[in-house]
Amino acid sequence: MNKRKPLLMGLSAMGVASAGIYQFVENVYQGSRFLMPYIKKAEYININSNVRLEEDGYYSITKTDDKPFRVLQITDLHIGGGYLSRHEDMQALSIMIRAIKSTSPDLIVLTGDLACPVARLTLSRNNLHSYRMIAELLENIGIPYAVVFGNHDTAKNSTHNRRELAQYLMTKEHCLMAETQDTEVLTGFSNYIIKLRDKSGKLNSVLFMFDSNEYMVKDRKRVYDYIHEEQVQWYERETRRINEQEGRQVLSFAYMHIPLEEYREAWNAVINAEKSAIYYYGSRDEKISCQGANGGLFDKILELKSTKGIFCGHDHLNDFSVEYKGVRMTYGQSIDCLLYAKNLSEHKGATLLKIHKNGDFEIKGKKHR
């Protein structure tokens, strides 16, 4: 009898187990490469615009034709980046690609919760890997894109923080994220602007990107964070600076992840048929999960009268667009295929903003009145 055989079999089993544990740990902290071949096949889309970094440190997009600007909002992708979420990730990315191909936008704005680094759902905690998958796909497509962070992007136990995600994005050729001069005093890491210029070089409009941050403690409860007062002050400074430079009031729009509390007020005004609100489209199919405090952004928007539209994500089952006190307030449609709306195809899509040369605009084909 060969007494060495059971020992060899035991060592072999231990080796297989060790390899399995190693693979598990590697996947959790590195993410799955399952979808990279698919991402590398994304087709380039040519656009009629030029991008440059201006003297104030922000990017501008200049049209090379007289057609309206087309800004496509994509939100709540929730890319897990791990082996367990590979099929859901593929589905979400394919929906995003179809939305981009069908609209051929001049700019793509991703309003947060792009990553879902939850190991029990995905077998990955590497949020940078999820971002890398999305960024590499968009780099191959070649359309300029902007990102604001959501509360899930740097979930508990994820491998990278917001600063590290921002630093990665700013190395990408087609990403227009920029550091503001006030970075050290502003809350969040995705506060910046993008300028849209007509064929002549005239400033058509400005897009404000806001980091609505993650969570905070209020009355001993963990609630969503908010756009802080110093971010509102930054918005006012930039708005006044640009208007002074141009010698006129410049049209602008605001993008964020978590909705302002005025979204709830706006919807209530619609269902109560108040004169302050106008309904355009969509529904409220879940609770409006607003920011946990009010930093005064909406009031400042009303005061300055430049920003005519606000876009958010966050709530996967809300997709309405209403005008409230003269400001169009819109939920972007979620593309989530991993969390609570993963099987509801009617709630999946993207939101197109078209800005005309004369300052008129329309959202999803619904012209602003």
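Annotations
- Single condition E261 does not satisfy, out of (1) under 25 Å from R237 (Cβ atoms); (2) surrounded by 20 or more Cβ atoms within 10 Å (Cβ to Cβ): (2)
- Residue count for segment 310-328, restricted to those that are crowded, with 24+ Cβ neighbours inside 10 Å and in contact with a helix residue (DSSP H, G or I) (Cβ under 8 Å, 6 or more places away or on another chain): 3
- Qualifying residue in segment 333-349 (condition: under 20 Å from the mean Cα position of the chain (by Cα) and within 28 Å of N243 (Cβ to Cβ)): no
- Candidates E164, E136, filtered to the one that is at negative phi, touching a residue at least 40 places away in the same chain (Cβ under 8 Å) and of a type outside the set (S, T, N, Q): E136
- Residue match in segment 245-264 (condition: among the aliphatic types (A, V, I, L, M), part of a helix (DSSP H, G or I), in contact with a strand residue (DSSP E or B) (Cβ under 9 Å, 6 or more places away or on another chain) and within 19 Å of L302 (Cβ to Cβ)): no
- As a summary of the residue check, S85 satisfies the conditions (1) surrounded by fewer than 24 Cβ atoms within 10 Å (Cβ to Cβ); (2) polar (S, T, N, Q); (3) touching a helix residue (DSSP H, G or I) at 6+ places or on another chain (Cβ under 8 Å) except for the one numbered (1).
- Restricting attention to segment 230-271, the residues being under 25 Å from Y58 (Cα atoms) and among the charged types (D, E, K, R) number 9.
- Inter-residue pairs, beta-carbon under 7 Å, first surrounded by 15 or more Cβ atoms within 10 Å (Cβ to Cβ) and in segment 355-369, second modelled with pLDDT under 90, 6+ apart: F361/H368; E362/H368
- Criterion: under 30 Å from L93 (Cβ atoms) and surrounded by fewer than 17 Cβ atoms within 10 Å (Cβ to Cβ) - qualifying residue of Y331, Y281: Y281
- Scoring T111 on the criteria (1) more than 23 Å from F210 (Cβ to Cβ); (2) polar (S, T, N, Q); (3) crowded, with 24+ Cβ neighbours inside 10 Å leaves a single failure, condition (1).
- Members of segment 193-207 found to be surrounded by 21 or more Cβ atoms within 10 Å (Cβ to Cβ) and hydroxyl-bearing (S, T, Y), listed by number: S205
- Flag if L114 is in contact (Cβ under 8 Å) with a residue 40 or more places away in the chain and in contact with a strand residue (DSSP E or B) (Cβ under 8 Å, 6 or more places away or on another chain): no
- Selection within segment 47-106 - under 19 Å from the mean Cα position of the chain (by Cα) and of a type in the set (D, E, K, R): R70, D76, E88, D89, R98, K101, D106
The values are calculated or read from the model by the stated rules, or taken from the named source; none is laboratory data. Because the structure is predicted, anything quoted here is derived from the model rather than measured. Here Cβ is always computed from backbone atoms with ideal geometry, including for glycine, and neighbour counts include all displayed protein chains.
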